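The values are calculated or read from the model by the stated rules, or taken from the named source; none is laboratory data. As the structure is a prediction and not an experimental result, all values here were calculated from the model. Cβ sites come from the backbone with ideal geometry, for glycine too, and all protein chains shown count toward neighbours.
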Amino acid sequence: MEDYVDDAEPVKKEQFIEEDDLDASFMKGYADDEKMDECAECGSAVNDEKKVSQEIEGEEYVFCSDVCLNEFKESIGD
């Protein structure tokens, strides 16, 4: 198989993730019936291990990161 050259170093095609592997990884959480929350700021899926939650104005919100939490608070003027 031919090497692809980026100005600095050659990159072999084998270093890239195959599309089937990527699809399988993406769907793993759904197939395992893993409970996923949605980030209140950006809408991305957030699993229990990585979620950041905070009560704001009496309502519990879930975020994917502290960055999203802070952006959300700024957007509502908190």
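Six or more apart or on different chains, Cβ atoms under 6 Å: show the pairs whose first residue is in the range 24-52 and more than 20 Å from Ser75 (Cα to Cα) and whose second is small (Gly, Ala, Ser) and modelled with pLDDT of 80 or more.
Matching pairs, first to second residue: Met36/Ala45.
For the range 20-49, name all the residues that are of a type in the set (A, V, I, L, M) and either modelled with pLDDT of 90 or more or surrounded by 13 or more Cβ atoms within 10 Å (Cβ to Cβ) (or both).
Hits for the range 20-49 are Met36, Ala40, Ala45, Val46.
I'd like to verify a number: residues in the range 50-65 that are of a type in the set (Val, Ile, Thr) and exposed (fewer than 13 other Cβ atoms within 10 Å of the Cβ), how many?
0
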